[in-house]
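Remarks on the structure that follows.
The values are calculated or read from the model by the stated rules, or taken from the named source; none is laboratory data. These figures come from a predicted structure and were not determined experimentally. Cβ sites come from the backbone with ideal geometry, for glycine too, and all protein chains shown count toward neighbours.
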Amino acid sequence: MIDADGKALDELTSDKLSYGHSNLRIEDKQAFIRKLVSGESDFLSMELSEKLVTLSGRTALLRCKLTGETMDDGKPGQPRLHVLMVWQKEGGRWRLLARQAVKIL
């Protein structure tokens with residue numbers, strides 16, 4: 001996400017991706033990749049901590065804390081989020097199926 005590599009993002013995400021932001025905006029795979037590649041949404045740095053992974057068959061749940069620096073629509077930001085990601089094994093590869101973030105108060 002920091003490098004905004006469209007090909008890598010395409011390979012890492014499911015065609016059925018539902019990407020939920022902490023402001024309640026939800027994007028599909030195309031919008032998620034387009035905003036990162038275009039620079040409209042830009043992660044300058046990102047750290048994931050307090051990771052907890054739960055496996056259930058071909059599905060993995062990842063809960064973590066996300067902090068970093070962003071530049072969205074030309075406005076700097078410092079997100080502090082709790083994130084839930086749902087990864088699913090598709091064709092022998094793990095792909096992000098869903099993600100939801102909430103702001104840390």
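Descriptive notes on the structure:
- Filter pass, Leu52 being among the hydrophobic types (A, V, I, L, M, F, W, C), without any contact (Cβ under 8 Å) to a residue 24 or more places away in the chain and at negative phi: yes
- Breaking point among (1) in contact with a Gly (Cβ under 7 Å, 6 or more places away or on another chain); (2) farther than 19 Å from Pro79 by Cβ, for Lys16: (1)
- Screening Gln30 against (1) closer than 15 Å to Ala4 by Cα; (2) among the polar types (S, T, N, Q); (3) in a strand (DSSP E or B) leaves a single unmet condition, (3).
- Meets criteria (touching a residue at least 60 places away in the same chain (Cβ under 8 Å), surrounded by 15 or more Cβ atoms within 10 Å (Cβ to Cβ) and not in a strand (DSSP E or B)) for Ser18: no
- Boolean, Met85 is modelled with pLDDT under 95, in a strand (DSSP E or B) and of a type outside the set (S, T, N, Q): no
Conditions tested, residue by residue: (1) modelled with pLDDT of 95 or more; (2) touching a helix residue (DSSP H, G or I) at 6+ places or on another chain (Cβ under 6 Å); (3) under 14 Å from Ser18 (Cα atoms).
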residue	(1), (2), (3)
Phe32	yes, no, yes
Leu52	yes, no, no
Thr59	yes, no, no
Arg63	yes, no, no
Gly74	no, no, no
Gln78	yes, no, no
Leu97	yes, no, yes
